[in-house]
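To start, the structure itself, in structure tokens.
What follows draws every value from the coordinates through simple rules; no lab data is involved. Here the structure is a predicted model, which is why all the values come from computation and not from measurement. Cβ sites come from the backbone with ideal geometry, for glycine too, and all protein chains shown count toward neighbours.
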Amino acid sequence: MKIKLPILITFSFFALLSYQNNSTNIEEEEGAEAASIQDTIIEENAVAPVDEINEEDAAFVKEYATSKYLGIYGFDFSNKLEGNQGSLLIYPESDTSVLFHIEVCIGAPSFNLGYTAGRLIVKNDSALYQPAEFESTCKIMFYFEENEIKLATASGFGECGFGMNVYADATYKLVKKVTPKYYNNGESTNYNFRDFK
């Protein structure tokens, strides 16, 4: 039995329309989940806006020359965990220094992690991170730009205490312009930036 052309075209149109709608729904769901991940990071690390803070939180909103860098940054906020994902917190400590925390996951199949916290001396919108415990094996450059921070590991200096094949190299986009309050190195305890030594 032959199907008449108008009927076939009509069927194909509705099939395509159904596929497009399903694709849109999937994209919307993935976008919502990605936004939820961002919201969780913001909620767990942020200090309330200046007009809502209490006396204890007031210490986290001091104005320094480095305050222009403060914020919660990240890359690839995807629920698929197919590739590298990471977050970067920047806390202004003085006019010339910031504190930071990085957490990176390389995704499936190993899901190896890497995280570290430290102090950076910022000059000309850049800084070198060379931790004392990995002084001869680890060098990471931070390049501060508008609404993003680029991290690049120096050639031959990639042993920074992260998991296997984990590197911090990426462009971390600004997620929220707030002062991070604390960080967590994969443990149950939160560490306040203001207590960092």
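Structure notes:
- Surrounding net charge for Phe157, when Lys and Arg each add one and Asp and Glu each subtract one, Cβ distance under 14 Å: -3
- Cα gyration tensor shape of the range 75-171, rounded if a/c is under 1.5, else prolate or oblate by comparing a/b with b/c: oblate
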